[in-house]
Amino acid sequence: MSESLVGGLKVRLTGGTDGHGGGNGPVVMLLHGFGAPGDDLVPLADVIDVPAGTRWVFPEAPLSLNMGFGDSRAWWIIDFARIQDDRAAGRIRDLSVEVPQGLALARERFLAFLKEVPRQFQIDYKKTVIGGFSQGAMLTCDAVLHTDYPFAGLVQLSGNLLAQAVWGPLMSKRKGLPVFQSHGTLDDILPHVGAERLRDALIHSGLAVEWHSFRGGHEIPELVLRRLSTFITKALKG
């Protein structure tokens with residue numbers, strides 16, 4: 001693995017021809033979730049089967065959190081106290097009607113990163129699968145909707161529909177884009193129904209969604225990883 005600074009974000013690179021992101025092979029770019037360290041998803045590169053020479057790109061969120069354990073990062077700040085209150089009261093929060101206060105700045109930072117990547121790193125977005133877990137999934141969905149980069153696929157692991165008033169009108173321009181989406185029915189961080197809302201909105205707009213619901217929480221189980229391997233391989237060879 002190697003590390004570099006691209007567009008203001010720390011990035012970890014692995015895979016490729018040298019194990020450090022070398023070569024000119026296709027790319028899988030994954031963003032970690034809220035409260036996780038920047039290297040949280042790096043181990044996935046060793047357990048997901050992809051075409052030979054595939055390079056892995058793991059951007060690190062710019063915000064550092066003081067959560068009392070390790071290096072916790074965030075793409076934007078969320079109200080964890082509210083989540084705890086909703087959970088305690090048995091309320092299912094509908095994120096689709098909310099536009100997080102920090103989403104616009106997170107988008108600006110990440111779009112600047114995507115613009116800078118080709119200047120520092122040999123990449124063809126037509127042969128790039130982009131996505132993430134939880135908050136990282138939602139940011140990549142937002143970014144894909146706000147750009148016209150010809151990504152090969154979008155991965156949404158335990159994400160939710162956010163800012164429907166903003167996302168909704170943008171979805172149809174991504175008609176036909178392959179999407180892999182998974183979510184646990186017992187997820188107590190981001191509700192399963194929020195993932196269903198995202199799935200339905202994407203399908204309604206013509207995106208090709210591969211949906212995987214599993215009995216579990218806010219996680220990426222082995223079954224999902226196996227199916228994700230197939231999805232990524234097909235997208236990158238398409």
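Summary table below
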quantity: Residues that are within 19 Å of residue 142 (Cβ to Cβ), modelled with pLDDT under 95 and not hydrophobic (A, V, I, L, M, F, W, C), drawn from region 178-211; calculated: 191
quantity: Matching residues in region 194-208 - criterion: being surrounded by 18 or more Cβ atoms within 10 Å (Cβ to Cβ) and among the aliphatic types (A, V, I, L, M); calculated: 195, 198, 202, 207
quantity: Pairs with Cβ under 6 Å, 6+ apart, first in region 156-176 and closer than 21 Å to residue 191 by Cα, second of a type in the set (Lys, Arg); calculated: 161/197
quantity: Residues within region 147-183 that are touching a Phe, Trp or Tyr at 6+ places or on another chain (Cβ under 6 Å) and not polar (S, T, N, Q), tallied; calculated: 6
quantity: Residue check for residue 153: small (Gly, Ala, Ser), in contact with a Leu (Cβ under 8 Å, 6 or more places away or on another chain), under 28 Å from residue 127 (Cβ atoms) and surrounded by fewer than 17 Cβ atoms within 10 Å (Cβ to Cβ); calculated: no
quantity: Options 5, 30, 13: the member that is assigned to a strand (DSSP E or B) and without any contact (Cβ under 8 Å) to a residue 24 or more places away in the chain; calculated: 5
quantity: Helices (runs of 4 or more DSSP H) fully within region 101-175 counting 1 or more residues that are at pLDDT 95 or above and in contact with a strand residue (DSSP E or B) (Cβ under 7 Å, 6 or more places away or on another chain); calculated: 103-120, 135-145
quantity: Flag if residue 47 is within 17 Å of the chain's Cα centre (by Cα) and at pLDDT 95 or above; calculated: no
quantity: Pairs with Cβ under 7 Å, 6+ apart, first in region 96-124 and touching a residue at least 40 places away in the same chain (Cβ under 8 Å) and exposed (fewer than 14 other Cβ atoms within 10 Å of the Cβ), second β-branched (Val, Ile, Thr) and not in a helix (DSSP H, G or I); calculated: 120/6
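The values are calculated or read from the model by the stated rules, or taken from the named source; none is laboratory data. The structure displayed is predicted, hence computed values, not measured ones. FYI the Cβ positions are ideal-geometry reconstructions off the backbone, even for glycines, and counts take in every protein chain you see.
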